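Here the structure comes first, spelled out in structure tokens, and everything after it is commentary.
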Amino acid sequence: MKKIVVAGAGGFIGGHLVKELIRKGNTVRAVDIKPLNEWYQIAEGADNLVLDLRLRENCFKAVNGYNEVFNLAADMGGMGFIENNKAACMISVLINTHLLIAAKECGIDRFFYASSACVYNGDKQTDTNNPGLKESDAYPALAEDGYGWEKLFSERMCRHFREDFGLTTKIARFHNVYGPHGTYDGGREKAPAAICRKAIDAQMTGRKEIVIWGDGHQTRSFMYIDDCIKGIQAIMYSDIIEPLNLGSSEMVSINQLVDIVEGIAGFKMERKYDADAPKGVRGRNSENTLIRKYLGWEPSIPLKEGMKKTYDWIKEEMSNQKREKKGVNRFNK
Ligand code: NAD
């Protein structure tokens, strides 16, 4: 069995990946900058290290003696975070750069980089009826300012470490990932978790209204975490060398996402639209021809099914926290 490093293991996707890799019998080192008590999940049997991976020496400490690296560490969040923290997002370039250098020097066999649909050219995302972004739509480059440019640059660096130094690098472009054990409040949450939280809050407070960012017609696709974890491993252990979309092609508008959450919650909410809130691009979807061609598979867990699991988990978390805080509601924002 292999010795695998997961960077960003205290976060949403990294936490799920560590558990899966351990379940398969691998030796896993889990690394994150956050103190252990803030990690979303702690896997039994993992070697957990708290390190700031922006620093070169910490990347060497993290990967030395191991065979493979999955880099899921980044300073990131939903639109509300990335539109207002462009420099912080770009500083994540240090994490991938130093991890690549350490991987090369320490003789790592395989290196995975978590890129994003935010690398795609903004001009191809101006219509709600997006036909799906093909991998080639990243160029000519006009990525999401800050976060997307960092992802595109880091993808490029992975490519050149492969071409120039022979390091095997794999890249997936994730399209919105959601599921249990993710962020649902505090400013870094994404639309699926935020809408669940707002609906649960509406139920808890009896104020059946919801604030939606933008006009609600903007479109996206959302991938359930189990599909993401399966796809990450399939791409890592494939022969594919180019960046590949890893996303669902089930595109919905934000209004339709609210419909789904209302269906799960069992009540309707009065919708208020905040035109000044961060909205991101107008329409985005994952075009999955390449992943189907290479892997004979694509993410397919239906949105309704994944959202039900996500909603139930967030509701449980909020109920626990509310009990702990003796009725003080911190979710009403
Ligand atoms: P997350 O924020 O839950 O996890 C990222 C983790 O990286 C966090 O726990 C954070 O503490 C850690 N980190 C940040 N700076 C660090 C540093 N200097 N040293 C060590 N650790 C550090 O995010 P996620 O949703 O799990 O995303 C994982 C990866 O996937 C990220 O690279 C993200 O950009 C990418 N991605 C995610 C989505 C999504 O929808 N979740 C979409 C596209 C791309």
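The values are calculated or read from the model by the stated rules, or taken from the named source; none is laboratory data. If you're wondering where the values come from, they're calculated on a predicted model, not measured in any experiment. Virtual Cβ from ideal backbone geometry, glycine too; neighbours counted across all protein chains shown. All accessible areas refer to the heavy atoms of the entire protein, side chains included, with ligands and DNA or RNA removed. Shrake-Rupley method; radii C 1.70, N 1.55, O 1.52, S 1.80 Å.
List of remarks:
- Any helices (runs of 4 or more DSSP H) falling wholly within the range 30-94 and containing at least 2 residues that are under 18 Å from the mean Cα position of the chain (by Cα), over 24 Å from Arg173 (Cα atoms) and of a type in the set (Val, Ile, Thr): none
- Phe222 within 13 Å of the ligand (Cβ to nearest atom) and open to solvent by 10 Å² or more (accessible area, probe 1.4 Å): no
- Just so you know, in the range 99-127 the residues that are open to solvent by 20 Å² or more (accessible area, probe 1.4 Å) and under 22 Å from the mean Cα position of the chain (by Cα) include one that is nearest to Val281 (Cα to Cα), and it is Gly122.
- Test for Lys86: is it more than 16 Å from the ligand (Cβ to nearest atom), open to solvent by 10 Å² or more (accessible area, probe 1.4 Å) and either at pLDDT 95 or above or of a type in the set (A, V, I, L, M) (or both): no
- When Lys170, Lys198 are checked against the criterion of being assigned to a helix (DSSP H, G or I), more than 20 Å from Ile82 (Cα to Cα) and touching a helix residue (DSSP H, G or I) at 6+ places or on another chain (Cβ under 9 Å), Lys198 stands alone in meeting it.
- Lone qualifier among Leu100, Leu51, Leu36 - being within 27 Å of Ala143 (Cα to Cα) and either in contact with a helix residue (DSSP H, G or I) (Cβ under 8 Å, 6 or more places away or on another chain) or within 14 Å of the ligand (Cβ to nearest atom) (or both): Leu100
- Selection of the range 154-171 for residues being within 16 Å of the ligand (Cβ to nearest atom) and either over 11 Å from Glu242 (Cβ atoms) or surrounded by fewer than 20 Cβ atoms within 10 Å (Cβ to Cβ) (or both) yields Ser154, Arg156, Met157.
- Here is the figure for the range 28-40: residues that are open to solvent by 70 Å² or more (accessible area, probe 1.4 Å) and either in contact (Cβ under 8 Å) with a residue 40 or more places away in the chain or not polar (S, T, N, Q) (or both) total 4.
- Screening the candidates Gly25, Gly14 for the property of being of a type in the set (Gly, Ala, Ser), more than 11 Å from the ligand (Cβ to nearest atom), out of contact with any Cys (no Cβ under 6 Å at 6 or more places or on another chain) and open to solvent by less than 70 Å² (accessible area, probe 1.4 Å) yields one hit, Gly25.
- Among (1) away from the ligand (no atom under 14 Å from the Cβ); (2) surrounded by 23 or more Cβ atoms within 10 Å (Cβ to Cβ) - the single one His175 does not satisfy: (1)
- Residues within the range 106-136 that are free of Cβ contacts under 8 Å to residues at least 24 places away in the same chain and either within 20 Å of Gly247 (Cα to Cα) or in a helix (DSSP H, G or I) (or both), tallied: 4
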